[in-house]
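Remarks on the structure that follows.
The values are calculated or read from the model by the stated rules, or taken from the named source; none is laboratory data. Quantities reported herein were computed from a predicted structural model and do not represent experimental measurements. Backbone-built Cβ (ideal geometry, glycine too); neighbour counts: all protein chains shown.
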Amino acid sequence: MSFLAKLKDIKAFVLDIDGVLTDSTILITESGEQLRKFNVKDGYALQLAVKKGYFFCIISGGKSHTVVARFKGLGITDVYLGVDKKIDVFNDFLSRHQITAEEVVYMGDDIPDIPVMKIVGIPACPADAVEEVKAISTYISPKIGGAACVRDVVEKVLKVQGQWYDANPSGQEELVPSL
């Protein structure tokens, strides 16, 4: 089955944070708080896909809970931090949402992502992922981590499924000026 044909079956996205949704940089304040930079273009694609009914799961080995507010603001509630064995969280996610691994795009960038990437429908990675991850990826985004690589893959899925464009992204009733 071709890559584009596989995109038609996707119902969910599972993402790593550092190196995928961020550029892998962690800034540490004097108080010890860890700061990450997220791409607004990724955010637009994530919130649109959530509104269209796609499932999302964020699984990270990182432990900074300050990122949870970002994902909740985009409508993503399945956020797991401090995870050593991502496959266990992934299997629980599949079970709770009654989806199969074949219906998932997993985007990762480093060694801890490989066990899950080996069993999903579409393993994907940013252009700057480690070589071992690139070797098993069905799709390698031309964009690096933190530079809208997530939007790249989400947009492809939504376009293939006819779900990308939203004429009224705010969901508010449009006001028509009276003549």
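Among the criteria (1) over 19 Å from G145 (Cα atoms); (2) among the charged types (D, E, K, R); (3) in contact with a helix residue (DSSP H, G or I) (Cβ under 9 Å, 6 or more places away or on another chain), the one K41 does not fulfil is (1). When region 39-78 is limited to residues that are touching a strand residue (DSSP E or B) at 6+ places or on another chain (Cβ under 6 Å) and surrounded by fewer than 19 Cβ atoms within 10 Å (Cβ to Cβ), the one that is nearest to Y165 (Cα to Cα) turns out to be D78. You will find that of G108, G32, G53, G43, the residue that is farther than 24 Å from S137 by Cβ and modelled with pLDDT of 95 or more is G53 and no other. Considering region 24-38, and only residues there that are out of contact with any strand residue (DSSP E or B) (no Cβ under 9 Å at 6 or more places or on another chain) and surrounded by 13 or more Cβ atoms within 10 Å (Cβ to Cβ), the residue that is nearest to S60 (Cα to Cα) turns out to be S24.
Screening region 20-123 for helices (runs of 4 or more DSSP H) wholly inside it with 2 or more residues that are touching a Leu at 6+ places or on another chain (Cβ under 8 Å) and in contact (Cβ under 8 Å) with a residue 24 or more places away in the chain returns the ranges 40-51.
Residue count for region 2-19 satisfying the condition of being among the hydrophobic types (A, V, I, L, M, F, W, C) and either assigned to a helix (DSSP H, G or I) or free of Cβ contacts under 8 Å to residues at least 12 places away in the same chain (or both): 4.
Here are some conditions: (1) modelled with pLDDT under 95; (2) buried (at least 17 other Cβ atoms within 10 Å of the Cβ); (3) not small (G, A, S). C149 meets all but one. Which one does it not meet? Failing condition for C149: (1).
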